[in-house]
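Chemist: Here it is: the structure, laid out below.
The values are calculated or read from the model by the stated rules, or taken from the named source; none is laboratory data. Not measured: the values here are computed from a predicted model. Glycine also receives a Cβ, built like all others from the backbone with ideal geometry; neighbour counts cover every protein chain displayed. Surface accessibility is based on the protein's heavy atoms, side chains included, excluding ligands, DNA and RNA. Shrake-Rupley method; radii C 1.70, N 1.55, O 1.52, S 1.80 Å.
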Amino acid sequence: MRILLAPMEGLLDHSLRDVITRVGGVDLCVSEFIRITDQLLPERVFTRLVPELLNGGRTDAGTPVRAQLLGSDPACLADNAALLASLGPHGIDLNFGCPAPTVNRHRGGAVLLDEPELVHAIVAAVRRAVPAAMPVSAKMRLGHRDEARMLDCALAIEAAGASELTVHARTKLHGYRPPAYWDRIATIRGAVRLPLVANGEVWTVDDARRCLAESGCEALMLGRGIVADPGLALAVRGAAAPERPDWAALRPLVRHYWRRIAGHVSPRHRAGRLKQWLNLLRRRFPEAQSAFDTVRTFNDPLVVEGLLFGEAVALHGADAAVDAADAADAADAADAADTADGLEAGRAAAAQAATGSAATMATANA
């Protein structure tokens, strides 16, 4: 069984990929999307969003990373894919699944599932543009507004030369609302020969088993479920895997994540990023609920640092570096669009994952 880490804009960035792959159990990560419009992006955009490209295309834990592109212009996507391929990712993935309204209004993501001919053209153009040995995969939902063109899109992706297809078992209109329709993946599996990866609403080991059984797949992509429980991949693997981490083992990784985001998230957004993750972690860890409650009303990173970890980190140098990077990025309209779209998608996913749990536990410092 293969387990992939999902792309999740505004949530599962390279810092969280680093943390989750340190825990273990993940075979391959797919990056958050890189938005392609009408220009060839400079290398710095690719390496900023996927810094693993500077590390042999792997996280620090050694897990390979496949970079994802999103757009609707086959020629421009092909040109950018060729440049990206030269930077050494472990494959290129194409996004036909993002449900964010801003992305869809600009003809990106799940809205393209209404146009299987265009989907085919995009995959075929990228396949031709990159070396034959480099995997080109795609991720789709069951459809845009309905499933009417589900099989057309899957067949178009296969015919265009994709090496693998991940299917999120909901339409764009379903968003992230349960349930996921894993049996529909089995329908696609009956129509195509390329390997399929099942995705959507896998929060527990039992969910994973039912997803594999209903879809007929031998590979899973985990998203919000593994963000809420970083040991989920290990648990799904069962007795052969190391023991999944408890809060005591995870808490140092929360601190590690906090310090990592200081290097690339502006101070005014840093606390929000951490709270977004804690919001999901509290589904499994009561201590995360306590941590979330402790910092819920605070946004100053130095205050949050002191409350959660009992110490102040030397963040000012990092803040200056991030501010300088922000100023440079402001000149790049495509980068700015990426950030806005990503935050929208990430906030939507996190909001739908929130629970009402309020268990009384010791503070996160305990």
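Chemist: If you bin every alpha carbon distance in the range 122-227 into 5 Å steps from zero, what whole percent lands in each bin?
Modeler: Going from the shortest bin to the longest, the percentages are 2, 13, 24, 23, 18, 12, 6, 1, 0.
Chemist: Calculate the tail of P(r) for the range 21-93: the fraction of all Cα-Cα distances greater than 14 Å, expressed in %.
Modeler: Values: 1458 of 2628 pairs.
Above the 14 Å cut-off, the range 21-93 has 55 percent of its Cα pairs.
Chemist: Per the Kirkwood treatment, what hydrodynamic radius in Å, one decimal, follows for the range 213-270 from the mean inverse distance over all distinct Cα pairs?
Modeler: Numbers: mean 1/r = 0.0724 Å⁻¹.
Value: 13.8 Å, from the Cα pair sum.
Chemist: Explain nothing, just the number: relative contact order of the range 161-271, from Cα pairs under 8 Å at least 6 residues apart, as a whole percent. Show your work: numbers first, answer last.
Modeler: Numbers: 123 pairs, mean separation 21.7, N = 111.
Value for the range 161-271: 20 percent.
Chemist: Another question, if that's okay. Determine the order of R2, R251, R224 by accessible area, beginning with the largest, at a probe radius of 1.4 Å.
Modeler: Numbers: R2 85, R251 45, R224 20 Å².
Largest accessible area first, the residues go R2, R251, R224.
Chemist: How big is the Cα convex hull of the range 1-148 in projection, averaged over all directions, in nm²? Can you show the working numbers first?
Modeler: Numbers: hull surface 35.1 nm².
Result: a mean projected hull area of 8.8 nm².
Chemist: Next question. Calculate the spin-label point distance for L307 paired with A249, positioning each point 7 Å from the Cα along the beta-carbon direction, and give it in nanometres.
Modeler: For the pair A249/L307, the computed spacing is 2.9 nm.
Chemist: Which FRET efficiency value, to the nearest 0.05, is calculated for R105 and V192 with the Förster distance at 30 angstrom and r the Cβ-Cβ distance?
Modeler: Numbers: r = 30 Å, r/R0 = 0.98.
Between R105 and V192 the formula returns 0.50.
Chemist: Let me ask something else. Do you know the relative contact order of the range 188-230, to the nearest whole percent, from alpha carbon pairs under 8 angstrom that are 6+ apart?
Modeler: On the way: 42 pairs, mean separation 19.0, N = 43.
Averaging sequence separation for qualifying contacts and normalising by length gives 44 percent for the range 188-230.
Chemist: A further question on this structure: Net charge around V65, counting only other residues with Cβ within less than 13 Å of its Cβ (Lys, Arg = +1; Asp, Glu = -1)?
Modeler: Numbers: positive: R17, R58, R66; negative: D13, D18, D27, E32, E52, D60, D93.
Taking every Cβ under 13 Å from that of V65, the sum is -4.
Chemist: Using the Cβ atoms and a cut-off under 10 Å, what net charge is assigned to the surroundings of G216, where Lys and Arg are +1 and Asp and Glu are -1? The partial results should precede the final answer.
Modeler: Values: positive: R189; negative: D183, E214, E218.
Local net charge: -2.
Chemist: Let me spell out the model: positive unit charges on the Cβ of Lys and Arg, negative unit charges on the Cβ of Asp and Glu, origin at the Cα centre of the range 95-251. What dipole size does that give, in debye rounded to 20?
Modeler: Details: 20 positive and 17 negative charges, 70 e Å.
The calculated dipole for the range 95-251 is roughly 340 debye.
Chemist: Accessible area per residue of the range 77-225 at 1.4 Å probe, in Å²?
Modeler: Values: 5530 Å² over 149 residues.
Ligands and nucleic acids excluded, the figure is 37 Å² per residue.
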